[in-house]
1. Taking segment 41-70, which residues are away from the ligand (no atom under 11 Å from the Cβ) and open to solvent by 20 Å² or more (accessible area, probe 1.4 Å)?
2. Could you tell me whether any residue of segment 184-200 is among the hydroxyl-bearing types (Ser, Thr, Tyr) and either more than 30 Å from His39 (Cβ to Cβ) or loosely packed, with under 13 Cβ neighbours inside 10 Å (or both)?
3. If you go through segment 143-150 one residue at a time, do you hit one that is in contact (Cβ under 8 Å) with a residue 60 or more places away in the chain and either charged (D, E, K, R) or not in a strand (DSSP E or B) (or both)?
4. If you scan segment 153-169, which residues turn out to be touching a residue at least 12 places away in the same chain (Cβ under 8 Å) and open to solvent by 20 Å² or more (accessible area, probe 1.4 Å)?
5. Would you check if Tyr88 is crowded, with 16+ Cβ neighbours inside 10 Å and either over 27 Å from Ser203 (Cα atoms) or touching a His at 6+ places or on another chain (Cβ under 9 Å) (or both)?
6. Determine, yes or no, whether Gly25 is at pLDDT 95 or above and over 20 Å from His176 (Cβ atoms).
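The values are calculated or read from the model by the stated rules, or taken from the named source; none is laboratory data. Just so it is clear, the model here is predicted, and its values are computed rather than measured. Heads up, the Cβs are rebuilt from the backbone with ideal geometry, glycines too, and the neighbour counts pull from every protein chain shown. All accessible areas refer to the heavy atoms of the entire protein, side chains included, with ligands and DNA or RNA removed. Shrake-Rupley method; radii C 1.70, N 1.55, O 1.52, S 1.80 Å.
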Amino acid sequence: MSSQNVNNPAKGALKSLAIIMDGNGRWATRRGLPRKEGHIQGAKVVERVLAHVRELGIHHLTLYAFSTENWKRPEEEVEGLMSLFYKYVTHVAIPKIKSDPELGMMFIGDKSALPEKLRKKCIEAERLSEGKSFICNIALNYGGRAEIVNAANKAFSEGHTTLTEELLSRYMYTSHSPDPDLVIRTGGDFRISNFLLWQSAYSEYIILDTLWPDITDEEIDDCVARFNSRERRFGGVVDKPKKG
Ligand code: FPP
């Protein structure tokens, strides 16, 4: 189905989508390329998926780009990723946010540990994103457990002595976005990998074997259709029509 098709049946109730973009390394290795080539291709795919997701009427997209655990990768790979993120934010994200009145980008995670010039660009992009109607959250140096601890500490430091779910949600990195309705993970692994632990309590999950750089618009459509066919009960029961 064409991504240009305005009558796309995948359009529907899904307003907030999150994606664990896994498989860049395998994509590159299978082609005899260095892993960094997989990440470069992965960044190009981000652009296409972002555009397609917007066509589907989804208003919030959250992408897992770099976890708090990813610092353990070889130095060369980490440096390559940081350089790729810098180029992406500077030469792709910021110009697009400036020229597109609806597009905003936020960077969720602990920005303080990012290279200074990347951190500054992320903050600039966020400033330009205020009031935008479509938000793409890029998780950079993000960890779900760290986020919960950070939120609790922030709440205490501002004088709160008791936590509630509603209060803690307000201190999460994602306080500007609704919880994801659907989380897609590419690359075939059945793992959460410390992603949106708080926010995905009632999210639907779909695991795709497809490696991130190979994901197609049609596969995204199919995931949305699968989401639309699922019955979400949020721990309750769905009333069945009474007989007679
Ligand atoms: C996981 O695949 C992917 C990453 C750790 C990096 C994600 C980065 C991108 C998709 C590209 C840049 C993103 C933006 C937002 C510009 P992996 O390396 O763990 O793959 P593997 O499981 O095959 O080894």
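1. Arg48, Ala51, Arg54, Glu55, Gly57, His59, His60, Thr68
2. No, that holds for no residue.
3. Scanning segment 143-150 turns up at least one residue that is in contact (Cβ under 8 Å) with a residue 60 or more places away in the chain and either charged (D, E, K, R) or not in a strand (DSSP E or B) (or both).
4. Result: Lys154, Ser169.
5. When the stated conditions are applied, Tyr88 passes them.
6. Criteria met by Gly25.
Yes/no matrix, rows are residues, columns are (1) aromatic (Phe, Trp, Tyr); (2) out of contact with any Leu (no Cβ under 9 Å at 6 or more places or on another chain); (3) at pLDDT below 95:
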residue: Glu116; (1), (2), (3): no, yes, no
residue: Ala125; (1), (2), (3): no, yes, no
residue: Ala139; (1), (2), (3): no, no, no
residue: Tyr142; (1), (2), (3): yes, no, no
residue: Ala151; (1), (2), (3): no, no, no
residue: Lys154; (1), (2), (3): no, yes, no
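Residue by residue, here is whether (1) in contact with a helix residue (DSSP H, G or I) (Cβ under 8 Å, 6 or more places away or on another chain); (2) β-branched (Val, Ile, Thr); (3) in contact (Cβ under 8 Å) with a residue 24 or more places away in the chain holds:
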site: Tyr86; (1), (2), (3): yes, no, yes
site: Val89; (1), (2), (3): yes, yes, yes
site: Val92; (1), (2), (3): yes, yes, yes
site: Pro115; (1), (2), (3): yes, no, yes
site: Cys122; (1), (2), (3): yes, no, yes
site: Cys136; (1), (2), (3): yes, no, yes
site: Ala139; (1), (2), (3): no, no, yes
